[in-house]
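Reviewing the structure listed below.
The numbers here are math on the coordinates, done by the rules we state, and not lab data. Fair warning: this is a prediction, and the values are worked out from it, not measured in the lab. We place every Cβ from the backbone using ideal geometry, glycine too, and count neighbours over all the protein chains shown.
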Amino acid sequence: VSIRHHISDETIISYASGSLAEGWGLVVATHMALCPSCRQRLAEAEMVGGELLDAVPEIASDKLWLDGLWATQLSRLTGSEEVKVESLPQRPAGQDFILPEPLRSYVGGDVDALKWQPLGLGAYQIRIDTGDGQTTARLLKIPAGKPVPAHSHRGLELTLVLSGSFHDSRGLFARGDMEEVDESLTHQPIALPEADCICLAVTDAPLRFNSRFLRAIQPLLGI
Ligand SMILES: [Zn+2]
């Protein structure tokens, strides 16, 4: 797996400090399960955080609390089977292999058993309940060779490719690649023709579609 698009510094630091809502944590940790380089960056962020706290004795008691949070975040990663991918780089992405932990704990491990809900235009989704009250997490299936309708964002959108690939104005995104998009970008991801593209997408506000028709039916689709 050669991953080209990684987690931003801001998101890594927020994750290291334990301040991300569960939905964001889900997509960040699932990327890390596939990405040794971001796991390394997380370890560095945690080390820097620890050194900062060591330098300020009066908040030493808070450090114990933070250590606990970090240990929790790390255990999510180290408890993951998929972390073993590092030592098995040649293993093909079979059906049993598409959904890494911690995502697997939310939706199960069998892609074929997923209950996809039609979104129209050949696309499908599965909503994932994170219970954090802030984010919406979903699996998206974009049909091979087809676009997701052009849209912009009212908040942040983190998208992790699990299978297949898509491209947009930022480049090509394949398995393990993460795209972080905010209000500044309008984009139209298009799945490459070889295969359907399955992504994990997390947002904190409804998308804004360019099409008036899609905006009208959006509440029905729940996107
Ligand atoms: Zn990465």
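Computed quantities for the displayed model
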item: Virtual spin-label span in nm between residue 44 and residue 110, 7 Å along Cα→Cβ; result: 4.2 nm
item: Amide H within-cut-off set for residue 146, under 5 Å, with H built and near neighbours excluded; result: 191
item: Contour minus Cα-Cα distance for residue 210 and residue 132 (0.36 nm per residue); result: 25.2 nm
item: Long-range amide H partners of residue 128 with built H, under 5 Å; result: 137, 138, 139
item: Candidates per trypsin sites (Lys or Arg not before Pro) in the range 119-223, loop by DSSP, up to 16 other Cβ within 10 Å; result: 154, 170
item: 5 angstrom amide H check on residue 119, placed H, neighbours 5+ away; result: 124, 125
